[in-house]
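Enquirer: To start, I am sharing the structure in question, which I have written as structure tokens.
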There are 2 protein chains.
Amino acid sequence: NQAFQDTAEWKFLNDYTYLAAMHHKIRMRAFDEARTKLTPLKHAAVLVQGGTSAMFDLYDTDCDKCVFRQEAYFLYLFGVVLPDCFGVMDLDKQQTLLFVPPVTYDSQRWMGEKRPLSWYNKRYLVDEVFETGDLAKILKEKGIEHLHTLQGINSDSDLPTSLSPDFPGIDEFKKHDKLLYNFLTELRVIKTPQEVDYLRVSSRVSSQAHVYVMRHVKPGMNERHLEAMFKAYTAYFGGSRHMAYTCICASGANGAILHYGWAGRPNNRTLVHGDMAVLDMGAEYNGYCTDITRSYPVNGKFTANQKLIYEAVLDAQETVLRAMKPGVRWTAMHCLAERVIIERLIQIGILVGGTLNELDEAGLGSVFMPHGLGHFLGLNTHDVGGYTPEAPIRPTRPGIKYLRTQRTLEAGMVITVEPGIYFNDPTLDEALKNPNQARFIDTKVLDQFRGTGGVRIEDDVVVTSTGCENFTMIPVEVNEIEALISEAQANSE
Amino acid sequence: NQAFQDTAEWKFLNDYTYLAAMHHKIRMRAFDEARTKLTPLKHAAVLVQGGTSAMFDLYDTDCDKCVFRQEAYFLYLFGVVLPDCFGVMDLDKQQTLLFVPPVTYDSQRWMGEKRPLSWYNKRYLVDEVFETGDLAKILKEKGIEHLHTLQGINSDSDLPTSLSPDFPGIDEFKKHDKLLYNFLTELRVIKTPQEVDYLRVSSRVSSQAHVYVMRHVKPGMNERHLEAMFKAYTAYFGGSRHMAYTCICASGANGAILHYGWAGRPNNRTLVHGDMAVLDMGAEYNGYCTDITRSYPVNGKFTANQKLIYEAVLDAQETVLRAMKPGVRWTAMHCLAERVIIERLIQIGILVGGTLNELDEAGLGSVFMPHGLGHFLGLNTHDVGGYTPEAPIRPTRPGIKYLRTQRTLEAGMVITVEPGIYFNDPTLDEALKNPNQARFIDTKVLDQFRGTGGVRIEDDVVVTSTGCENFTMIPVEVNEIEALISEAQANSE
Ligand SMILES: [Mn+2]
Ligand SMILES: [Mn+2]
């Protein structure tokens, strides 16, 4: 323990100087691009509101649901984790203004002494700092007449922007809410070099946490213990306070439930010999998300059938990683993965009676991989920009309709590559009711696999100028995994 | 690690049979008492709504702020952790009805296969189970005309009930919202024997986690590492997925900030030789909260001054624990703690020039302990029932005005006992500006302590028929703490 307590990773991920500089550069880039892409208006400013503490109230109690997490667009531009703030970018003067909530005498005893406003200037590299109560007054003093505000629909949740900025006096400004959301979304899609470096180290620590879990897993444990170990590692060695998303620690048949681990399926099954585990876990580090899945047998030894499915998925992932580069359409990568999976399922004998093209045409890929190949990753786990007014629209064909984006890859995009094969009963039953799919499925072979869950392998990847770089570093070959787990289990006995 | 993976504590805290029986007993008790205390109406039912998944949306994304946490009144009666439910208690028939959200074909792939409704009957020991869409229809079929619904103000947050039950057809029933909140609140104040047992083991595991942190703390670590270790222990050995409240890992001067650790003060200071740490951390186990604070020097060796303050607080706590029993007013316990603290501060030399009574009268207790002695503990960290229409009203005098309850102790109440002494600059500066307090403070002696933070010792206690039982089991004497930490630090070198 002691030796690792301040790893280089912990220091890097929690270096507030680095973070402030990173978000400062993002603001400078936004100023630059705003000239041509956001507005030709004079006396205009960008106004973003941070998350509010009220949103984190645990019902009517005076505790929170969890530690406050900042709204991603505000965090992107300002890097400020404090709740109840506003941020302004004066597009004429290229000045950044941060508005922080007032501190009362009484609240100091509970929340800490009031900081001088200059503390925020230095900490976050913003030009001027005021209290939120002065927002309208300061904006008028600065001669600002137009406010660009956020308004949009998140393409993964279909939910509208949760904060529509409001403050006393807002009516004295002309509000423009048609442009800012897409403008910032497009910026967020292409990561800056500093963001790429930050996401690389973030994924590295989450990778190490997966390895830690692999080294400690064994039958008799509960799924909940795997969640606990992953969180422990990322908190202790990465400084993470939040998971990027709810941990999916699915063993046995649960592996076929894509979002297993939620309150209704709370990672509470005991691992037994022969189980595969599908472990989809990623921590968040100062707002940046990681999203990694590993699948392996809990006793460290693949059965013949487990190996067949695992290597099919691995082949799909490696094929995609070799093909990814700027100019390649994400949809094509999804279809490529589906085709590798279909080919492998033909070899295994689950799919029969047709050519690869026929089976592909009949949508068999999406019967076994009923989700998209991957999604953008950044300040959200399913990061924004998948579908925008400029980007290709959401398709309706089974399989690719699950895609969270259909965009053409560009350098600086960070995206997950997560093919999978699942034996999900409702999905299989539906396919068997569809004659056009059922005729290609050998139910006798399929039945050998039913109830065994699934396999997903998910890595976090940045598109580079010539191809891609995989941030995730975890032993992934069958023999590597078997060696790692068996060595660890032997040592613990 | 391996040896502990399924401790007796883990098994007990995550035994769903026990939990279901516990909540079933609670419902039976509610039926019993409802006859005399809730309503003389015929054809009446209690209707409670569970928390909604939408409340946990992380802004507009399709991830959650954190894993869903159930609303406490609904959880109290039904023990169901699933979001988007309703619960009904038919007061005529003494029948319990659970309404669960519908499951679509498509959602099964993501959330798990649809369970037969009978699964819920068995799992939660309720009489009948339906889907939420049928709520109005079923209530009418059951002949229910009156609905008792929750409406009240939480006395710790001053926030109104966050869910006001609503469903299509609710207007066809007569709603009564004046009685249920206080009725259930009074039930929650007096824990059932099963709840007492559950809270005992919960506190025991959080105690062990504190000991784990003590055994691993050392200078050079970051406060965040202490939070990480506590969470790791309670998750791995207790199955906890949530903290009951944000971890307070305050070192050095931060110890004087009562709610240190929130997003604006995120437990990120490096521990240095000579620091005291004030560690207020408690996990939640299936909805039940623990709340424990320990204070000790991070290098394991008390300085003379640290020992003086620590033993003053310990004396206050032990004095209160000896005096607690049914019939004793909590306000009296608070005043008792304040008087021990004043006496000790006189001995130390910080307070001078007056008798104990004079100093007490001048409110010096609340200058150094500017919070209440403790609060009810249960399904909320600051559990309900502190101030109700029947209970004594909130006082205004400094010191006791911070009390979260003034009630007279009864067997079955679970309450924290958490005296403290803090050197909080804004609070001390205010006192020094008040001549009636300043004249009793020796600033020269005080200055030796300023900047050193504070000390709080907080235990979780149940009132018994003859006194009280302390659930918290952590070495607490100065020599015990020194031995524990020095032994652990020696072993790790
Ligand atoms: Mn993913
Ligand atoms: Mn407390």
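Enquirer: Conditions first: (1) free of Cβ contacts under 8 Å to residues at least 40 places away in the same chain; (2) in contact with a strand residue (DSSP E or B) (Cβ under 9 Å, 6 or more places away or on another chain); (3) within 16 Å of ligand 2 (Cβ to nearest atom). B:MET333 passes all but one, so which condition is the exception?
Expert: (1)
Enquirer: Is one or more of the residues making up the stretch A:270-282 more than 16 Å from the chain's Cα centre (by Cα) and within 13 Å of chain B (Cβ to nearest Cβ)?
Expert: yes
Enquirer: If only one of B:LEU403, B:LEU379 is more than 16 Å from ligand 1 (Cβ to nearest atom), of a type outside the set (Asp, Glu) and modelled with pLDDT under 95, which one is it?
Expert: Result of the check over B:LEU403, B:LEU379: B:LEU403.
Enquirer: Could I ask something else about it? Taking the criterion of being modelled with pLDDT of 95 or more and within 16 Å of ligand 2 (Cβ to nearest atom), would at least one residue in the stretch B:435-444 satisfy it?
Expert: no
Enquirer: May I ask you to verify whether A:VAL103 is within 14 Å of another protein chain (Cβ to nearest Cβ), outside any helix (DSSP H, G or I) and closer than 28 Å to B:GLY454 by Cβ?
Expert: Working: within 14 Å of another protein chain (Cβ to nearest Cβ): yes; outside any helix (DSSP H, G or I): yes; closer than 28 Å to B:GLY454 by Cβ: yes.
Spelling it out, A:VAL103 is indeed within 14 Å of another protein chain (Cβ to nearest Cβ), outside any helix (DSSP H, G or I) and closer than 28 Å to B:GLY454 by Cβ.
Enquirer: Please work out if A:SER206 is small (Gly, Ala, Ser) and either part of a helix (DSSP H, G or I) or not assigned by TED's automatic domain parsing to the domain that holds A:THR416 (or both).
Expert: yes
Enquirer: Among the listed residues A:GLU113, A:GLU71, A:GLU131, identify the single one that is facing chain B (nearest Cβ under 8 Å), of a type in the set (D, E, K, R) and closer than 29 Å to B:GLY252 by Cβ.
Expert: Values: A:GLU71 fails: closer than 29 Å to B:GLY252 by Cβ; A:GLU131 fails: facing chain B (nearest Cβ under 8 Å).
On inspection, the qualifying residue turns out to be A:GLU113.
Enquirer: Within 14 Å of chain A (Cβ to nearest Cβ), out of contact with any Lys or Arg (no Cβ under 6 Å at 6 or more places or on another chain) and assigned to a loop (DSSP other than H, G, I, E, B) - does that describe any residue in the stretch B:468-485?
Expert: So far as the stretch B:468-485 goes, no, none of its residues is within 14 Å of chain A (Cβ to nearest Cβ), out of contact with any Lys or Arg (no Cβ under 6 Å at 6 or more places or on another chain) and assigned to a loop (DSSP other than H, G, I, E, B).
Enquirer: Further, regarding this structure: If I filter the stretch A:52-63 down to residues being closer than 27 Å to A:GLN151 by Cβ and free of Cβ contacts under 8 Å to residues at least 40 places away in the same chain, which single residue comes out as surrounded by the fewest Cβ atoms within 10 Å (Cβ to Cβ)?
Expert: Ranking the candidates gives A:ALA54 first.
Enquirer: Consider only pairs whose beta carbons are under 6 Å apart and that are at least six residues apart or on different chains; among these, list those whose first residue lies in the stretch A:477-493 and is farther than 18 Å from A:ALA316 by Cα and whose second residue is surrounded by fewer than 17 Cβ atoms within 10 Å (Cβ to Cβ) and of a type outside the set (Lys, Arg).
Expert: A:SER492/B:GLN2
Enquirer: Report yes if B:GLY287 is within 17 Å of the chain's Cα centre (by Cα), more than 10 Å from chain A (Cβ to nearest Cβ) and surrounded by fewer than 24 Cβ atoms within 10 Å (Cβ to Cβ), otherwise no.
Expert: yes
Enquirer: I would also like to ask the following. Are any of the residues in the stretch A:211-231 more than 13 Å from chain B (Cβ to nearest Cβ) and part of a helix (DSSP H, G or I)?
Expert: yes
Enquirer: If you check A:ASN434, A:ASN424, which single one turns out to be among the polar types (S, T, N, Q), surrounded by 19 or more Cβ atoms within 10 Å (Cβ to Cβ) and more than 16 Å from ligand 1 (Cβ to nearest atom)? Let's see the steps before the verdict.
Expert: Values: A:ASN434 fails: surrounded by 19 or more Cβ atoms within 10 Å (Cβ to Cβ).
When all the criteria are applied, what remains is A:ASN424.
Enquirer: For the stretch A:425-467, which positions are acidic (Asp, Glu) and within 14 Å of another protein chain (Cβ to nearest Cβ)?
Expert: A:ASP425, A:ASP429, A:GLU430
Enquirer: Provide a single number: the residues in the stretch B:21-51 that are small (Gly, Ala, Ser), more than 18 Å from B:ALA136 (Cα to Cα) and surrounded by 18 or more Cβ atoms within 10 Å (Cβ to Cβ).
Expert: Filtering the stretch B:21-51 down to residues small (Gly, Ala, Ser) leaves B:21, B:30, B:34, B:44-45, B:50-51.
After this cut, where a residue has to be more than 18 Å from B:ALA136 (Cα to Cα) as well, the list is B:21, B:30, B:34, B:51.
Keeping just the survivors that are surrounded by 18 or more Cβ atoms within 10 Å (Cβ to Cβ) gives B:30, B:34, B:51.
Of the residues in the stretch B:21-51, 3 are small (Gly, Ala, Ser), more than 18 Å from B:ALA136 (Cα to Cα) and surrounded by 18 or more Cβ atoms within 10 Å (Cβ to Cβ).
Enquirer: Kindly check whether there is at least one residue in the stretch B:402-410 that is within 14 Å of another protein chain (Cβ to nearest Cβ), part of a helix (DSSP H, G or I) and of a type in the set (Ser, Thr, Tyr).
Expert: yes
Enquirer: Looking at A:MET55, A:MET22, can you tell me which residue is within 12 Å of chain B (Cβ to nearest Cβ) and modelled with pLDDT of 95 or more?
Expert: Selected residue: A:MET55, the only one of A:MET55, A:MET22 that is within 12 Å of chain B (Cβ to nearest Cβ) and modelled with pLDDT of 95 or more.
Enquirer: Right, something else. Looking at the stretch B:368-422, which of the residues that are within 15 Å of ligand 2 (Cβ to nearest atom) and farther than 21 Å from B:VAL462 by Cβ is farthest from the chain's Cα centre (by Cα)?
Expert: B:TYR422
Enquirer: Name the residue that is farthest from ligand 2 (Cβ to nearest atom), counting only residues in the stretch B:344-367 that are within 21 Å of B:PHE423 (Cβ to Cβ) and β-branched (Val, Ile, Thr).
Expert: B:VAL352
Yes or no, residue by residue, for (1) buried (at least 17 other Cβ atoms within 10 Å of the Cβ); (2) touching a Pro at 6+ places or on another chain (Cβ under 8 Å); (3) modelled with pLDDT under 95:
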{"site": "B:VAL313", "(1), (2), (3)": "yes, yes, no"}
{"site": "B:ARG322", "(1), (2), (3)": "no, no, no"}
{"site": "B:VAL328", "(1), (2), (3)": "yes, no, no"}
{"site": "B:HIS334", "(1), (2), (3)": "yes, no, no"}
{"site": "B:ALA337", "(1), (2), (3)": "yes, yes, no"}
{"site": "B:ILE341", "(1), (2), (3)": "yes, yes, no"}
{"site": "B:ILE346", "(1), (2), (3)": "yes, no, no"}
{"site": "B:GLY353", "(1), (2), (3)": "no, no, no"}
{"site": "B:ALA362", "(1), (2), (3)": "yes, no, no"}
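The values are calculated or read from the model by the stated rules, or taken from the named source; none is laboratory data. Just so it is clear, the model here is predicted, and its values are computed rather than measured. Here the Cβ is made from the backbone with ideal geometry for all residues, glycine too, and neighbour counts use every protein chain on show.
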